[in-house]
Amino acid sequence: MGYDAKYGKVTTEHGEIPDDEPVVILRGQDLAVPRTLNYYRGVARELGSPDEHLSLVTDQVGYIKGWQRYHPDRVKVPDTRAQSDGEG
């Protein structure tokens, strides 16, 4: 189980993350995420990531942009406040 500085312990459905491995969670509510993932995709491509991974990132950017468009009341600028109620 990895650890995110903002959200704490992270568990996954599709594999284990070692306890000492840092994890970063980028949520769809964060306005910076689409641009950040586009940058990540470019770096990953330069480093030789396979097309399957690059496509997954591209798809996720599209999903997040769509979610943000349909949920403008839940979108916000990045901050370090973790909320456990699922709202924010």
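Computed from the coordinates by the stated procedures, all read-outs in this text should not be read as laboratory data. All figures in this text were calculated on a predicted structure; none of them were measured in a lab.
Calculated from DSSP H runs of 4 or more alone, at -39500 (n - 2.57) each and per residue, what is the 222 nm mean residue ellipticity of the chain, nearest 500?
The helix contribution divided over the chain gives -13500 deg cm²/dmol.
Pick from D51, D73, D20 the residue whose mean-square fluctuation is largest in a GNM of the chain, springs joining Cα atoms under 10 Å.
With Cα springs under 10 Å in the chain, the top fluctuation among D51, D73, D20 is at D20.
Taking the Cα centre of each part, how many Å lie between segment 62-83 and segment 7-48?
Distance between centres, Cα-based: 16 Å.
Mind telling me which of G48, G28, G15 comes out most flexible in a GNM of the chain, alpha-carbon contacts under 10 Å?
In the Gaussian network model the winner is G15.
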